[in-house]
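Values quoted throughout were computed directly from the atomic coordinates according to the rules given, and no laboratory measurement underlies them. The model shown is predicted, which means the values in this text are computed figures rather than measured ones. Cβ coordinates were reconstructed from backbone atoms using ideal geometry, including for glycine residues, and neighbour counts include every protein chain displayed.
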Amino acid sequence: MTSISGDIGLNQVTCDAAPTATFLKTSAAAGFGAVTLWRHKVGNGLHDKVRGQAADLGLQIASLCRGGFFTTGPNQRAAHDDNRRAIDEAVALGAPLLVLVCGPSTDGNLTGALSRIRTGVEGLLDYASQAGIGLAVEPFHPMFVAERSALISLRQANDLLDQIDHPSLSIALDTYHVWWDPELPTQLRRAGKRVSIVHVADWLVPTTSLLRGRGLPGDGIIQLAPLLAAIKDSGFTGWFEVETLNDDLLEESPAVTAELAHRAMSGLLHPGARGDP
Ligand code: ZN
């Protein structure tokens, strides 16, 4: 049977309790073709080793999470230095993309926060592009505006890319963050090939934790099949990556979670394909 897993990736936070080596083995065994790793999970000085482990398992490292947070702190120097380190780590891992959580508006000044985000991204792009690393800004759900990101819609992300206009800058699109947006179809068409990676999680009802209450694809109310089809139709050809932050999932073994996630994504992306009974 022809493999149908080449377009489906797994984000490490979905199996957050597993050490990185276990996560890689589990991802490969479940049929994923790529993973995204988190910086704190890789560990200091282990980038070459992890890169080799992924390669041996036939896994691409699609991206590294995360950089950004351009708006926090009294000045941008600390974020700037940490973001350069994140780019260096992406190089060491062979990850072509660094995902940016852009930083919140901590004082209610949304315009000011967006301005700092623009300045921060602009200040990082030359260093990233010289290193061969792309930067992907991830618009968040508006409920995170004061804690994670003042960039809270695909429209704003498109606007930012229009303003900066740099070939190394792209958008990480997360279904959990953008599904509610009445402008989504229009902004998807506007984004086109600017979307470099897609995170997939579902919206549970009720959502008991804003940060860590996401559902595996198919467990919530987002109409994911048409949404993922619309993303494909907009020109996206990259990895659809399950990124489900959920404390209940951590009670499961990583193997069970990875299998559930892969099966759900296969069903969404390839509804006509027949898997194992
Ligand atoms: Zn995400």
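At a glance:
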quantity: Sorted by Cβ neighbour density within 10 Å, fewest at the top, the residues Leu154, Leu10; calculated: Leu154, Leu10
quantity: Segment 188-277: mean projected area of Cα convex hull, nm²; calculated: 6.7
quantity: Two-decimal Rg to Rh for segment 202-251 - Kirkwood Rh, Cα set; calculated: 1.04
quantity: Kyte-Doolittle at least 1.6, axis length at least 27 Å by Cα - qualifying DSSP helices, the chain; calculated: none
quantity: Other-chain or far-sequence residues with amide H under 5 Å of Ala150's (modelled H); calculated: Gly103, Ser105
quantity: Dipole moment magnitude, nearest 20 debye, the chain about Cα centre, only Lys, Arg, Asp, Glu C-beta charged; calculated: 380
quantity: Under 16 Å from the Cα of Lys49 - aspartates and glutamates, other chains or at least 8 residues apart; calculated: Asp88, Glu89
quantity: Dipole-positive endmost among Thr175, Pro142, Ile164 within segment 116-200 (Cβ charges, Cα centre); calculated: Thr175
quantity: Under 5 Å, built H, 5+ apart or other chain: amide partners of Arg66; calculated: Arg39
quantity: Where only C-alpha atoms are counted, convex hull volume of segment 1-146 per residue in Å³; calculated: 125
quantity: Estimated 222 nm signal from helices in the chain, with DSSP H stretches of n ≥ 4 weighted -39500 (n - 2.57), rounded to 500; calculated: -12500 deg cm²/dmol
quantity: Coil-residue trypsin sites (Lys or Arg not before Pro) of segment 219-277, DSSP, other Cβ within 10 Å capped at 15; calculated: Arg274
